[in-house]
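As structure tokens, the structure follows; a few thoughts come after it.
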Amino acid sequence: MMKKIYYFAVSMFICSCAFGQGGATVSGKITDKKSNAIGGASINVLNTNLAAATNAQGAFVIHYLAVGDYTIAISALGYATINQNVHVAKGSNTSLSFQLEEAANQLGAVVVTAEKKEENVQTAPLAVSALTSKDVDDYRLWNTKDLTAVIPNLFSGNSGDGRNVTSIRGIATTSYDPAITTYIDGVNQFTLDTYMPQLFDVERIEVLRGPQGTLYGRNSMGGVINIITKQPGNTTDGFVEASIGNYGEQRYTAAIRTPIVKDKLYFGAALLYDGFNGFYTNQYNNGNFDKQHSIGGNYYLKYIINPRWAATLNVKHLDNRNWGAFPLAGSVQQAFATPYKVDQNAIAKMVDNTFDVSLSINHAGPYISFSSQTAYQSNYRYYATPIDGDFSPLDIITIINNYGNKWNKVGTFTQEFRFSSPASSASALKWTAGTYLFSQNTPNKQATHFGNQAALYGSPDSDYAIINTTKASAYGFSVFAQATYSISKQVDVIGGVRYDYQHSKEEVLGEYLPDGSPSPIFDTQADTSGSASYGAFSPMVSLAYHPVATTNLYATYSRGYRTGGLTQLSSDPTQPPLYAYKPEYSDNYEIGIKNTFMDNRLRINIALFYTNITDAQVPTLILPDAITITKNAGGLTSKGIDAEFAATPVNGLQLTYNFGYTHARYTTLNLSSNGSEVDLKGNKQIFTPDVTSMFAAQYSISLNSTKSVKLMARGEWQYLGKTYFDLANTISQSSYNLLNAKLGVTTKCIDVFLWARNLTNVTYISYAYDFGAVHLGNPKTYGVTVRAKF
């Protein structure tokens, strides 16, 4: 089957080369509202490899368009992006002209790839939020956890180790198999081990809310975070940016994008350095506890083989170093009594290296379009020295996992083949189909060391280690198809289905190693293995009605799926290893409406949702190993509303308000505790604020007659409702408000901004474990950012 697919792809390539460089031509001119030419504007023909940039006179030319209907996106720095539908007739040369409005005076069109094709976010029949590169800068989004409340009903946080736990609409990531899938440049960040949370040189962020099982498959039960970085084109551009702030914050980014051979070969690179001294003080040595820094890179090489075919090689890396990865207080009371203070005797340096490489091949043909993406991801994460496992100054427990890169190095291979109807198709039927394959290897070796004060923990012995080894591997595949049929110009019917299959295997071994012994003296768990296989269908059906071009209504049913698996080996004898837990399923019902008013000055999107989850996967953190054991222990319902409002009521003033309400409760939840069963039916879902709210007001005014120098002021008010962090609902954070501000000057070449976050220095819980340990959210931070553009 694989050989047939490759042969088909090669034959299409040969046919594409054979029919040559024919086709129609589209030319035109881009100006502003005063008819002044705009140079350097980008013109992209959606769902093709065709694009152009305007010259100094605002003129552009695009060749080799097949006969048909297209959507063209026109964008330029400082102007609102527009989309335009264009019909190309046989043998014709189409001439077009466009006028762009300043971005401060009009809401721009946003192109998304939420349905694996490029389309306007307002016409996509699903709840999807889109943040442009300007939005990313305005909100000062440096990490995916900063998306909290910026996206309705989204909450994200971590315990200080950099791995974000994210929930959308009450569907929460609670294990290494996420419930919210993150894609970066089309590559599925497969688990919490392999994803990169830092944001830099971002073109846009799309957040799809609700199950996306048909097109995205496994582990997209709550939604998808789709991050697209900036790709190179026919113009040379880039920037250098430096940010300095309190707590020793230093963040430097730089990027360049340029053609090596115009219209053929392009190169792009972006670099990141991010470091700070940490928010926490370790009372054990009166030093900084969570001092850390990251170095990252994103590199593109794009080759336009011919107008039909393109190939892109993308390489990413992110290397994190963290001196104090788990700055945790022992309880809620301690966290608030002595905020941002810990008392730990073991201060480990966490090394966390992630590497991704992908090769994408795209064919935009007159009869069929084809894409292939091959990707490999690896993550090597370990503690260079033992890390504190009891979070105290006592020598009780430390965790050791530095056994060389043979261990604790995750490797994942993915391959997607996708076919679709061509961009120029005038047919009432539009379709997408494909297959997805993966394999993953996870060799884990970790020791729990009990020191000379281990008796305080209840250990009958001291100065020894329990070494747990788990060799886990998995492979799987999926096939999927989705189609849209236009019954009329106002009514579309969408349907799709996906089948996922996964096979998982684990080998486990437990060993007892006394201090001073060169090797383990006996097994605590004999070498044994287990395996499990899972399959799931994920259907969806949707009806979309757009009575006018500025209004879109839709109603959708979709099914979500989170894969099952096998539990790891831990030191708790009541939690046996190789326990097979089943997949988790959800049924989601959603209705929504999207509206644009007042000549693109007002946008209102609202969605209502109801989700029912069966076989809910419930995690239990096993201490002192810090291993999560997952079991199917309940059912959950979640219902609520998403709302997004954006407006430019007067020139220069932009208002944004995003609101989410989620009511998520367990309909059944039975957990084991101390040998008995505890019924927690009716408890609220964890990591799920009942309300998320973000209001932002930004005003810009020109300081000179040419409008090349502008003063910008921005304020943000964020509100999060009550949030629970354990299934027993005993650890919670009551509602709180955060205020952010930004003030600066922008020019064509240099931007300078002063910024502050959490202005009132609110102390709040960002993350907590069910055994009581608490990590606080960031205190007040402030700084200055300078950006030079070229």
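The values are calculated or read from the model by the stated rules, or taken from the named source; none is laboratory data. Just so you know, these numbers come straight off a predicted model, no measurement behind them. Note that we place each Cβ from the backbone using ideal geometry, even for glycine, and neighbour counts take in every protein chain shown. These area figures cover heavy atoms from the full protein model, side chains too; ligands, DNA and RNA do not enter into them. Shrake-Rupley method; radii C 1.70, N 1.55, O 1.52, S 1.80 Å.
How much length is gained if the chain between VAL650 and ILE260 is pulled fully straight, taking 0.36 nm per residue apart and subtracting their Cα-Cα distance, in nm to one decimal?
136.1 nm
Restricting things to alpha carbons, find the Rg to Rh ratio for the stretch 480-592 using the Kirkwood radius for Rh.
Expressed as Rg/Rh, it is 1.33.
For the stretch 119-124, just list the computed ³J(HN,Hα) in residue order, Karplus coefficients 6.51, -1.76 and 1.60, θ = phi - 60°, integers in Hz, with x standing in for Gly and Pro.
7, 5, 4, 6, 9, 5
Which trypsin sites (Lys or Arg not before Pro) in the stretch 435-523 sit in a loop by DSSP (not H, G, I, E or B) and have at most 16 other Cβ atoms within 10 Å of their own Cβ? Mind showing how you got there, number by number?
Numbers: sites: LYS445, LYS471, LYS489, ARG498, LYS505; in loops: LYS489.
Passing both the DSSP loop test and the Cβ count: LYS489.
Along the Cα→Cβ direction, 7 angstrom out, place labels at ASN761 and ASP515. What is the inter-label distance in nm?
Distance between the two pseudo-spin positions: 4.1 nm.
Using only the Cα atoms, work out Rg/Rh for the stretch 589-742, with Rh taken as the Kirkwood radius, to two decimals.
Expressed as Rg/Rh, it is 1.15.
Where the centre of each part is set by its Cα atoms, how far does the stretch 151-227 sit from the stretch 513-568, in angstrom?
Between the Cα centre of the stretch 151-227 and that of the stretch 513-568, the gap is 13 Å.
Are there chymotrypsin sites (Phe, Trp or Tyr not before Pro) in the stretch 300-363 that DSSP marks as loop and that have at most 15 other Cβ atoms within 10 Å, and which are they?
Values: sites: TYR300, TYR303, TRP309, TRP323, PHE336, TYR340, PHE355; in loops: TYR340.
Sparse-neighbourhood loop chymotrypsin sites (Phe, Trp or Tyr not before Pro): none present.
Using a 1.4 Å probe, what is the accessible area per residue for the stretch 331-426, in Å²?
I get 38 Å² per residue for this part.
When ligands, DNA and RNA are left out and all protein chains stay put, how many square angstrom of accessible area per residue does the stretch 708-790 have with a 1.4 Å probe?
42
Return the calculated 222 nm mean residue ellipticity for the chain, to the nearest 500 deg cm²/dmol, obtained by summing -39500 (n - 2.57) across DSSP H runs with n ≥ 4 and dividing by the residue count.
Rounded to the nearest 500, it is -1000 deg cm²/dmol.
Skip the ligands, DNA and RNA, and give the accessible area per residue of the stretch 185-243 with a 1.4 Å probe, whole Å².
19
Taking amide hydrogens as modeled 1.01 Å from N in the peptide plane, which residues meet the under 5 Å criterion relative to GLU118, leaving out close sequence neighbours?
ASN47
Quick check of the Kirkwood formula: for the stretch 661-790, what is the inverse mean of 1/r over all pairs of different Cα atoms, in Å? Kindly include the intermediate steps, with their values, before the conclusion.
Values: mean 1/r = 0.0556 Å⁻¹.
Taking every pair of different Cα atoms in the stretch 661-790, averaging 1/r and inverting gives 18.0 Å.
Taking 0.36 nm per residue of sequence separation and subtracting the Cα-Cα distance, how much length would be gained by fully extending the chain between ASN286 and TRP717, in nm to one decimal? Before the final figure, lay out each step's value.
Details: separation 431, 0.36 × 431 = 155.16 nm, distance 3.47 nm.
Net length gain for the segment: 151.7 nm.
What is the mean projected area of the alpha carbon convex hull for the chain, to one decimal in square nanometres?
32.1
What does the charge count around TYR585 come to, taking other residues whose C-beta lies under 11 Å from its C-beta (Lys +1, Arg +1, Asp -1, Glu -1)?
0
Determine which residues of the stretch 500-539 fall in the zone a paramagnetic label at ASP461 would reach in this model, i.e. backbone nitrogen under 19 Å from the point 7 Å along Cα→Cβ.
509-527
Karplus couplings for the stretch 583-599 from phi (6.51 cos²θ - 1.76 cosθ + 1.60, θ = phi - 60°), rounded to Hz, Gly and Pro as x?
Here the 3J(HN,Hα) series is x, 10, 10, 9, 10, 10, 10, 8, 10, x, 9, 10, 9, 10, 10, 6, 6 Hz.
Ordered by residue, what ³J(HN,Hα) values in Hz, to whole numbers, does the stretch 39-45 give under the Karplus form 6.51 cos²θ - 1.76 cosθ + 1.60, where θ = phi - 60° and Gly and Pro are x?
x, x, 6, 9, 10, 10, 8
SER735 versus THR235, label points 7 Å from Cα toward the beta carbon: distance in nm?
A separation of 4.6 nm, rounded to one decimal place.
First measure r as the distance between the Cβ atoms of GLN198 and LYS341, then evaluate 1/(1 + (r/R0)^6) with R0 = 30 Å and state the FRET efficiency to the nearest 0.05.
0.65
So which trypsin sites (Lys or Arg not before Pro) in the stretch 213-266 end up in coil per DSSP with only 16 or fewer other C-beta atoms within 10 Å?
LYS262, LYS264
Ignoring any ligand, DNA or RNA, what whole percent of the accessible area of the chain comes from carbon and sulfur when the probe is 1.4 angstrom?
Carbon and sulfur together cover 57 percent of it.
For THR747 and VAL86, what is the calculated FRET efficiency with R₀ set at 45 Å and r taken between the beta-carbons, to the nearest 0.05?
0.85
How many percent of DSSP beta bridges within the chain run antiparallel, rounded to 5?
The answer is about 95 percent antiparallel.
Quick one: P(r) of the stretch 421-496 from all Cα-Cα pairs, 5 Å bins, percents rounded to integers, in order of increasing distance.
With a bin width of 5 Å, the distribution comes to 3, 11, 12, 9, 8, 6, 7, 6, 5, 6, 6, 6, 5, 5, 4, 1.
Ranked from highest to lowest mean number of other Cβ atoms within 10 Å per residue, what is the order of the peptides 416-424, 76-84? If you can, show how the numbers build up before the last one.
Values: 416-424: 20.8, 76-84: 18.4.
Most protected by this proxy first, the peptides run 416-424, 76-84.
Let me check the size of the stretch 41-123 from its C-alpha atoms; what are the radius of gyration and Dmax in Å?
Taking only Cα atoms of the stretch 41-123, I get Rg and Dmax of 13.1, 40 Å.
Report Rg/Rh for the stretch 430-469, rounded to two decimals, where Rg is the Cα radius of gyration and Rh the Kirkwood radius.
1.58
With 18 Å as the cut-off, how large is the P(r) tail for the stretch 291-427, expressed as percent of Cα-Cα pairs?
Above the 18 Å cut-off, the stretch 291-427 has 70 percent of its Cα pairs.
Please sort 209-216, 459-466 by packing, taking for each peptide the average over its residues of neighbouring beta carbons within 10 angstrom, highest first.
By packing density, highest mean first, the sequence is 209-216, 459-466.
How far is it, in nm, from the label point at TYR499 to the one at THR123 when both lie 7 Å from their Cα along the line to the Cβ?
In this crude label model, TYR499 to THR123 measures out at 3.3 nm.
Could you compute the FRET efficiency for ALA311 and GLN490, with r as their C-beta to C-beta distance and R0 at 41 Å, rounded to 0.05?
About 0.55, to the nearest 0.05.
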